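The values are calculated or read from the model by the stated rules, or taken from the named source; none is laboratory data. Model, not experiment: these values are computed from the prediction. So basically every Cβ, Gly included, is an ideal-geometry build from the backbone, and we count neighbours across all protein chains shown.
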C-alpha cells in the first residue's frame, strides 16, 4: 500500500492508493467483455452459458435528472419510474439537482433517495459529475477529493452495485491536453482502485477529447484499467469532419464502453444543436442500440436532455420531454430487437 501525498498552502493531505510495480494498480489488466468472461466460465465449470448469462442478455433504458432541474431528486426519480424507465442517472455536480441545497450531502438525504429507489424499483445506473483534469496541483487535489466523495456517495445510494461516475474532461486542443489528461487520470485510477469505484469518460464534440479513438489512446496509455472506461454518445460524433458513421464509432469504442448516453443532434446553418433522443431524423437510434448490443454491450442506454434544450427553450416541459424520450427509445429498442431489463 502506497500513500499519494498532496499538499496546498501548508496543508498536507494523504490519499491512499494501491500501486504495484510494473503496473498502475491492481486493476490494470486488459479488459475483457462480459460475454467472453461468461463463455470462458461456462467452459471451465460446465454450467450452460444461458444460466450464467440470464441477466446479461438485456439492456436497460434510463434517463438522467439533468433535464429535471425544476424538481427535487426524489420527485425526479418518481417521474422517471412512473414513465416506465428501468434505471436512472443522478446529476451531482455544482448547482444541479443532486447538489443543490445539499440534496445528497447527509447520510439522511442519501437514505431518503435510496428509499425512493427501493419503492419505485428503479436501478441507479450512474452519477453525472463534472470532473476535469487540472494542471494546477491544488485544483488536482480538489478533484481527487471530489472523486473520493463521489465513490462514497455511489456506495451509499446503491450499496449492492454502486453506480459508475461519468464525466467529460474539458480542454480545447487534443495535442495540448492529452499528456495532462493521461497523467491526471492515472491518479484518478489509483483512487478508483483503492476505493473500488468506476469512472467513465465521455468524448465531447466541443472539448479536447472528442472522439472514441482518443479515449482509447488514453486508456491504453494507462494499461486499460478495468475501473476506467468510456461513455459512448453518437451525438458528439455525428456531423464531424470527416464524417463518422455509427458503425465506425461503435467499432472504435466497443471494447472500452461501459455506458451509453443517448440524445439526437441536428445541423442548422452549419451549427450542431442537440435534440431529444429519437426526436429527429438525423439517424436511427435503433441502429445505435442494435450495433452495440450485437457487439456484446449489455449496459444501460441513458437518455440525456441537453442544457441547450432545458435552458434554451422557454417552452420546455420536463415531464413531456421525459415521456417523449421514453416512447422514442422504447420504440428504438423494439426495432433493434433488444429486450430491456
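Quick notes
- Comparison of 184, 114, 123 shows that the only residue that is surrounded by fewer than 16 Cβ atoms within 10 Å (Cβ to Cβ), at pLDDT 95 or above and touching a helix residue (DSSP H, G or I) at 6+ places or on another chain (Cβ under 9 Å) is 114.
- Of residues in segment 140-157 being touching a residue at least 60 places away in the same chain (Cβ under 8 Å) and within 19 Å of residue 170 (Cα to Cα), the one surrounded by the fewest Cβ atoms within 10 Å (Cβ to Cβ): 145
- Selection count where residues are at negative phi and in contact with a helix residue (DSSP H, G or I) (Cβ under 8 Å, 6 or more places away or on another chain), scope segment 187-210: 16
- Answer residue from segment 229-248, given it is in contact with a strand residue (DSSP E or B) (Cβ under 7 Å, 6 or more places away or on another chain) and assigned to a loop (DSSP other than H, G, I, E, B) and is nearest to residue 198 (Cα to Cα) among those: 233
- Residues that are under 23 Å from residue 63 (Cβ atoms) and in contact (Cβ under 8 Å) with a residue 40 or more places away in the chain, drawn from segment 241-253: 246, 250, 253
- If you go through segment 298-315 and keep only what is over 15 Å from residue 262 (Cβ atoms), in contact (Cβ under 8 Å) with a residue 60 or more places away in the chain and over 19 Å from the mean Cα position of the chain (by Cα), you end up with just 310.
- Residues in segment 126-139 that are surrounded by fewer than 16 Cβ atoms within 10 Å (Cβ to Cβ) and touching a residue at least 60 places away in the same chain (Cβ under 8 Å): 137, 138.
- Scope segment 298-341; condition farther than 21 Å from residue 95 by Cα, in a loop (DSSP other than H, G, I, E, B) and in contact with a strand residue (DSSP E or B) (Cβ under 7 Å, 6 or more places away or on another chain); matching residues: 298, 299, 338, 341
- Among the residues making up segment 83-111, none is assigned to a helix (DSSP H, G or I), within 29 Å of residue 209 (Cα to Cα) and either touching a residue at least 60 places away in the same chain (Cβ under 8 Å) or touching a helix residue (DSSP H, G or I) at 6+ places or on another chain (Cβ under 8 Å) (or both).
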